[in-house]
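A quick write-up on the structure given underneath.
The values are calculated or read from the model by the stated rules, or taken from the named source; none is laboratory data. In this text the structure is predicted, and so the values were computed from the model without any measurement. So basically every Cβ, Gly included, is an ideal-geometry build from the backbone, and we count neighbours across all protein chains shown. All accessible areas refer to the heavy atoms of the entire protein, side chains included, with ligands and DNA or RNA removed. Shrake-Rupley method; radii C 1.70, N 1.55, O 1.52, S 1.80 Å.
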Amino acid sequence: MSDKPRTFPLPLSSVTDKGQKKPSVLPTVATPQTATRNAAQSTQPWRPQPAAVPVRQHVPERPQPAAPRQFALVSEGVRRAMVARVAKQGVQDPVVLGALETVPRHMFMDEGLAAQAYIDASLPIGHQQTISQPYIVARMIEAMRQGNDLKRVLEIGTGCGYQAAVLSCVAQEVYSIERIKPLHELAKANLRPLRIANLRLHYGDGMLGLPQAAPFDGIILAAAGLEVPRALLEQLAIGGRLVAPVGERTQHLELVTRVAKSEWVRQTLEDCHFVPLRPGTV
Ligand code: SAH
């Protein structure tokens, strides 16, 4: 894969696992908050919304009224500014930064929150869950990539689908699992207009991984467990890397590299705040 980030829309098929084979305005609040606190703010179930303001890359499946041009430009400008802030915080991988610049984050959020889409914060998406903070998304993908092209990647915790879309720009094939059915549906609805051909969404318990698609060159967990589930370690390719938040009240990012069939090397990265990893489906 070249170092040039892809732009949306990507070549189309579907974003779901059917049959297994399967305006932004400037932010008013600029306070970074934790995922768990923000998740708790949302008591209303989140309903899929059409994109608040379509951006230029967005090609809807059905004809829609043209978006006012100035909104598209504002949206791109604030997204670029967000990426610059993420880079300032230490993310260096140009492929990851390019992916962050490509994905229209406001399309993954409730209309009422779209104005805050490009601040560097996690925000509620309903069901006590959050869309991850752009910095942490970038940091985790950078740690997983380590400058290498990735073939097959698994994400645990699709949520609204934002990180999955970012991953689709940096890996050849992306699989993402969500345990909350309405969020799985929400992600499908959010991702459909982006027409991402190399992304498959699954509804299920991500703690079990996705054995039918394993091994993975990279695995990212978007929810924190007390430890990394064994099944996920087993589904990592030799040489593959897994990045996960680990802990309960205090959490840190863990980078695990599978160096041999029965050998994994762990590294502790920075502190973080994620919603909990939970077993089963709802
Ligand atoms: N990736 C999202 C972040 C979603 S928040 C983004 O791009 O912003 C974390 C998600 O992990 C929640 O939607 C939660 O329901 C999900 N989750 C928690 N435990 C899970 C499990 N065992 N399997 C799959 N998803 C899980």
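Within the range 98-107, identify whether any single residue is open to solvent by 30 Å² or more (accessible area, probe 1.4 Å), touching a helix residue (DSSP H, G or I) at 6+ places or on another chain (Cβ under 8 Å) and modelled with pLDDT under 50, and answer yes or no.
If we filter the range 98-107 for residues that are open to solvent by 30 Å² or more (accessible area, probe 1.4 Å), which is where we start, we get 101.
Now restrict to residues that are touching a helix residue (DSSP H, G or I) at 6+ places or on another chain (Cβ under 8 Å): 101.
Filter again for modelled with pLDDT under 50, leaving none.
Within the range 98-107, not a single residue is open to solvent by 30 Å² or more (accessible area, probe 1.4 Å), touching a helix residue (DSSP H, G or I) at 6+ places or on another chain (Cβ under 8 Å) and modelled with pLDDT under 50.
Please verify whether the range 233-240 includes one or more residues that are out of contact with any Phe, Trp or Tyr (no Cβ under 8 Å at 6 or more places or on another chain) and more than 20 Å from Gly147 (Cβ to Cβ). Even if it seems obvious, please write down each step before you answer.
If we filter the range 233-240 for residues that are out of contact with any Phe, Trp or Tyr (no Cβ under 8 Å at 6 or more places or on another chain), which is where we start, we get 234, 238-239.
Next cut, more than 20 Å from Gly147 (Cβ to Cβ) only: 234.
Yes, the conditions are met somewhere in the range 233-240.
Keeping to the range 73-92, report how many residues are surrounded by 16 or more Cβ atoms within 10 Å (Cβ to Cβ) and either in a loop (DSSP other than H, G, I, E, B) or at pLDDT below 50 (or both).
Residues that pass the stated criteria total 1.
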